[in-house]
Each structure stands twice: as structure tokens, then as C-alpha cells.
1. I'd like to check something: does the stretch 34-52 contain any residue that is more than 27 Å from Gly222 (Cα to Cα), of a type in the set (A, V, I, L, M, F, W, C) and open to solvent by 50 Å² or more (accessible area, probe 1.4 Å)?
2. Return yes or no: is Gly291 crowded, with 17+ Cβ neighbours inside 10 Å and either touching a strand residue (DSSP E or B) at 6+ places or on another chain (Cβ under 9 Å) or not polar (S, T, N, Q) (or both)?
3. Would you mind stating whether Val140 is open to solvent by less than 10 Å² (accessible area, probe 1.4 Å), within 22 Å of Arg69 (Cα to Cα), in contact with a Leu (Cβ under 6 Å, 6 or more places away or on another chain) and away from the ligand (no atom under 14 Å from the Cβ)?
4. Of all residues being in a helix (DSSP H, G or I) and touching a residue at least 24 places away in the same chain (Cβ under 8 Å) in the stretch 1-33, which is most open to solvent (accessible area, probe 1.4 Å)? Just the residue, please.
5. Please indicate, with yes or no, whether at least one residue in the stretch 148-163 is surrounded by 19 or more Cβ atoms within 10 Å (Cβ to Cβ), small (Gly, Ala, Ser) and either in a helix (DSSP H, G or I) or within 19 Å of the chain's Cα centre (by Cα) (or both).
6. Assigned to a loop (DSSP other than H, G, I, E, B), polar (S, T, N, Q) and open to solvent by 50 Å² or more (accessible area, probe 1.4 Å) - does that describe any residue in the stretch 173-192?
Amino acid sequence: MKTLKRAKISALGTYVPPRVLTNFDLEKMIDTTNEWILERTGIHERHIVDKGVASSDLAVGAVKNLVERHGSRLDDVEAVVVGTVTPDMMYPSTACLVQHKLNLPQAWGFDVSAGCSGFLFALQAGAKLVESGAHAKVLVCGADANTRMTDYTDRTTCVLFGDGAGAVLLEPAEEGEIGFIDYAYEIDGSGAGSLYMPGGGSLNPSSHETVDKKMHYIHQDGPAVYKFAVRKMAEATAKVLERSGVTGAELGCFIPHQANKRIITATADRLGMDPERVIINIEKYGNTSSGSIPLAMETAIEQGKLKKGDLVLLAAVGAGFAVGAALLRWEI
Ligand SMILES: CC(C)(COP(=O)(O)OP(=O)(O)OC[C@H]1O[C@@H](n2cnc3c(N)ncnc32)[C@H](O)[C@@H]1OP(=O)(O)O)[C@@H](O)C(=O)NCCC(=O)NCCS
């Protein structure tokens with residue numbers, strides 16, 4: 001029987017596609033203004049994929065960045081877990097496509113569908129694979145090509161989303177290291193009608209009618225999602241901190257999913273966090289769904305707010321609804 005060890009993040013990589021769509025570009029496409037978007041969401045611009053680029057490509061870009069930065073080996077990766085809500089196709093899983101593109105014949109893997117909480121849920125699944133002793137190295141990716149599913153005639157949703165990805169390696173924590181400490185995850189399917197893509201599944205298989213009715217795009221009740229996100233993000237983060245006996249003041253930083261700047265600041269206020277230690281990069285990327293937390297980790301490192309030994313709190317709310325918060329000690 002292997003000894004149970006905590007899992008730690010041992011490497012991080014990120015990727016965004018090069019093409020940028022600014023609020024000023026959107027002003028020329030729909031009835032909106034840079035001021036409205038900035039004030040209501042905090043977003044200034046977002047990166048968008050070109051035709052033919054899919055979520056697996058974004059994930060592979062993030063893994064290549066991880067290898068460049070950390071010199072990590074991939075030939076001993078035992079499992080690949082991909083959080084995505086915009087898989088390349090219904091099946092096979094995006095994990096299969098990533099495994100093949102990275103040439104990892106030794107690895108198995110699967111996708112996790114949890115809306116914008118996809119990276120956090122995938123991270124938890126990967127951490128459990130390591131903590132159980134089942135695997136010694138797990139690659140976790142969060143990747144979304146949201147703009148491929150965005151209706152650019154719907155001004156209430158198209159201003160929000162961008163494309164991007166992140167990847168981390170999970171390994172057992174060594175003696176004296178801590179890694180993942182605690183988590184609180186929750187799903188609530190009563191919110192399914194607030195944020196969803198109705199077409200293309202077994203309920204509404206693709207047809208001329210589903211296309212005519214725009215059922216293959218993101219549909220959202222923005223204010224309903226907003227209210228739920230503010231309440232649940234605060235509840236989940238408070239639960240994890242309380243259970244772990246950690247206060248907001250002890251955190252090195254708070255890294256939330258980047259859906260709306262106002263959701264983030266409202267949550268941080270409820271936690272009593274110093275705004276300086278709340279990571280916000282939504283102005284550059286918009287909402288990249290499963291890409292957002294690793295992209296925000298990157299920003300935190302760049303800004304000198306995430307260093308080895310720091311306690312860090314992650315949190316997300318997404319379609320489902322799917323809610324998650326995780327506390328860890330940063331080890332890279
Ligand atoms: C979408 C969101 C930004 C809208 O902000 P809001 O303050 O709730 O705005 P409302 O939806 O109440 O709309 C207010 C007005 O702005 C208008 N509006 C909506 N989108 C607009 C745009 N892009 N430009 C200009 N005006 C816009 C609306 O039509 C409405 O006009 P009206 O008052 O004349 O009816 C906000 O609800 C939100 O961020 N929700 C959460 C979304 C989210 O996080 N989703 C992903 C979860 S992972």
C-alpha cells in the first residue's frame with residue numbers, strides 16, 4: 001500500500017491565441033460602448049482564436065509553455081485531465097486529443113465539464129489521483145475556445161468571453177511541503193437554465209431548426225448568474241477558510257475565476273481581503289472559462305503576489321451551476 005501524500009502543483013504554463021478583440025472593435029460590430037463594457041465587467045480586450053483552432057490546441061500551447069518554463073518531462077505523465085466546456089467535438093474527449101498531440105502514449109485521461117469551474121474541478125480530480133497514490137504525475141489543463149460558441153449579434157453575452165488555456169503538473173508533495181490543503185465543491189442543477197448551450201446534445205441534436213434558433217451558442221441570464229456567483233463564491237471560500245482555520249489576512253493572494261470584476265470585488269469584500277492581494281486580469285482576457293484561473297496564477301506570479309510558500313485561495317462559479325473553492329500552499 002502506497003503512503004498517502006498531498007498533491008502539489010509543480011509546474012505552470014499558459015497560452016492565449018495571438019488575435020485580440022478590443023471593446024473598440026466590438027463598438028463597430030454591435031450596439032455597445034467601451035465605457036459600458038468596462039464599467040459593467042472590467043473587460044477591455046480579449047484574445048480570440050482563428051477558425052480551425054480548437055480547445056485542444058490551446059491546451060497544447062499551455063503545456064508547451066509549461067515545458068519551456070520549467071524544463072518538465074512529460075514522458076512520465078500518467079494521466080491527463082482537461083477541464084473544458086468547449087470540447088473540440090462531442091467525442092472523443094479533448095483529453096484524448098491533447099494526449100495524442102503531445103505524444104503521451106503512456107497516459108490515460110478524461111474531460112471534466114463544469115462550466116467556468118472546469119479548471120478547479122479538473123484540478124481536484126487530478127489532485128485526488130495523486131493523493132490516493134494511484135499516480136505520481138498528472139497533467140491538468142483548463143482550456144476554452146468560448147468565442148467559437150459566441151453569438152456576435154447578442155450584445156449581452158458576446159462582450160464577456162475570450163479564449164485561453166492553462167496547464168499544471170501535479171505531483172506528490174515532498175517531506176515539509178504542503179500542496180493542497182482543503183476544498184469545497186458543489187453543484188446545483190436548478191441553475192441549468194441560467195447558463196447553457198442547448199443545441200448539439202442528445203436533447204436537441206443538431207438540425208436546421210437548432211441552427212435557425214441559434215441553439216449552438218452560449219445562452220445566459222446575466223443578472224441571475226451574477227447574483228448566484230456573488231453569493232456562492234463568498235460561501236464556498238468562507239467554508240474552506242473556516243474549516244482550515246485560515247483568515248483572509250493570512251492569504252498570500254486570492255485567485256478567483258475572472259467572469260466579472262464586480263463579482264470578484266464583491267467576493268473579496270465579503271472575505272475582508274486586501275484588494276492588493278486579489279488577482280484581477282479580466283481587462284486583458286475577458287472570461288476564458290477554464291483558462292481563467294491558471295491565467296490569473298500567471299498574472300499573480302508576474303506581479304510578485306504569488307511566491308513559494310504562500311497560501312493561495314482559488315474559487316470559481318460556472319454553468320451548472322458548478323461552484324468550487326480550494327486552498328493550497330504554493331510550491332513553485
Ligand atoms: C452580463 C452582465 C455584465 C450584465 O450587466 P448588468 O449590470 O446585469 O446589466 P443588465 O443585464 O441588467 O442590462 C442593463 C442594460 O444594459 C443593456 N446592455 C446589455 N449588454 C450591453 C452591452 N454590451 N452594451 C450596452 N448595453 C448593454 C441591457 O440591454 C440593459 O438595457 P435596459 O436597461 O435598457 O434594458 C452581468 O449581469 C454579468 O456579468 N453577469 C454574470 C455573467 C457571468 O459571469 N457569466 C459567466 C459565469 S461563469
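1. Scanning the stretch 34-52, I find no residue that is more than 27 Å from Gly222 (Cα to Cα), of a type in the set (A, V, I, L, M, F, W, C) and open to solvent by 50 Å² or more (accessible area, probe 1.4 Å), so the answer is no.
2. So Gly291 fits the description; yes.
3. Criteria met by Val140.
4. Met29
5. Yes: one or more hits.
6. no
Conditions tested, residue by residue: (1) open to solvent by less than 70 Å² (accessible area, probe 1.4 Å); (2) without any contact (Cβ under 8 Å) to a residue 12 or more places away in the chain; (3) in contact with a His (Cβ under 8 Å, 6 or more places away or on another chain); (4) part of a loop (DSSP other than H, G, I, E, B).
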{"residue": "Leu203", "(1), (2), (3), (4)": "no, yes, no, yes"}
{"residue": "Val211", "(1), (2), (3), (4)": "no, no, no, no"}
{"residue": "Val230", "(1), (2), (3), (4)": "yes, no, no, no"}
{"residue": "Ile263", "(1), (2), (3), (4)": "yes, no, no, no"}
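The values are calculated or read from the model by the stated rules, or taken from the named source; none is laboratory data. Here the structure is a predicted model, which means the values were calculated and not measured. Heads up, the Cβs are rebuilt from the backbone with ideal geometry, glycines too, and the neighbour counts pull from every protein chain shown. In case anyone asks, the SASA skips ligands and DNA or RNA and just uses the protein heavy atoms, side chains included. Shrake-Rupley method; radii C 1.70, N 1.55, O 1.52, S 1.80 Å.
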